[in-house]
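Shown next, in structure tokens, is the structure this report addresses.
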């Protein structure tokens, strides 16, 4: 009899456990086990992707997971151990190993050091692949641009590009980009802000400040070439380039770059090129003071788009 009672009590307890467990699966608002299992699998894939090439299978798998992988990419790639504990940063450990070679050989500091710069860069690539699906990472990317350069090497251009890729039309990053462009005179930050909100003010202001500081800082960039077909922006850039052509700080190479920037803007710069041609002696081979030939768009039937290397300098 006592044994039968124990069996009955055991069955009741087992039934109660099953009922409670079942209620946890079906009641509204209760979290099931699948997200937990998925997060463990995702964490493993993210870890592999952060250590692999951006074209790897792990990277593609993370891209397909999408939004759910973003917090893990941020935590493991942008806020890893070296950010929480700066003495574990790659640069700090390498410096420690170089100062204490015996300790380095004994502990293998070089092997222990996790290249946070590499993880950082790969995390930026993964977020870029996701595009606006990674928009939740905008505050973390801004935080990295503000603080990570103090810990290790950071490719700020790559991070700024990623910020633009994931922002889409969201203006969350605009205040930071405005501050960054003005304080660091960053043309890339101004261009990213322009791609996000379409406002020319910051970009034109940055171009003018760069030209005033040193024309080379403006002419030896790629960003303005990307925007060569932007008619609204050309209304501001064409007069600026025309002015730079006569800037005494510009030599022959810089004037050739100015001509190229004008020529690749097609009809938007035709009048400016004609004015530059009219300032030269009347001859078929008119050249600017730096030795670069100024072609006549009227006689050539339009403006060329050749790169600076194709300008006649003979």
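Test of understanding: what is the full-extension gain from residue 67 to residue 217, defined as 0.36 nm times their sequence separation minus their Cα-Cα distance? Working shown, then result.
On the way: separation 150, 0.36 × 150 = 54.00 nm, distance 3.82 nm.
Difference between extended and current length: 50.2 nm.
Sort 251-257, 64-70, 120-126 by the packing proxy (mean of other Cβ within 10 Å over each peptide's residues), most packed first. Don't jump to the answer; show the numbers that get you there.
Values: 251-257: 19.3, 64-70: 16.1, 120-126: 23.9.
Packing order, densest peptide first, comes out as 120-126, 251-257, 64-70.
What order do you get for 214-225, 177-188 when each peptide is scored by the mean count of other beta carbon atoms within 10 Å, highest first? Present the calculation step by step, with values, prior to reporting the outcome.
On the way: 214-225: 16.4, 177-188: 18.1.
So the peptides 214-225, 177-188, ranked by packing, come out 177-188, 214-225.
Pop a pseudo-label 7 angstrom from the Cα along the beta-carbon direction at both residue 171 and residue 225 and give the gap in nm to one decimal.
Going from the residue 171 label point to the residue 225 one covers 3.3 nm.
Testing the spin-label approximation: label points 7 Å from Cα along Cα→Cβ at residue 235 and residue 102. State their distance in nm.
7.3
In the range 225-255, whose amide N lies under 16 Å from the spot 7 Å out along Cα-to-Cβ of residue 271? List them in ranges.
The answer is 231-243.
Any idea how far apart residue 94 and residue 47 come out in nm if each label point goes 7 Å out from Cα toward Cβ?
2.5
Read the figures in this text as sums done on the coordinates, not as results from a lab. Worth saying up front: this structure is predicted, and the values here are computed from it rather than measured. Glycine also receives a Cβ, built like all others from the backbone with ideal geometry; neighbour counts cover every protein chain displayed.
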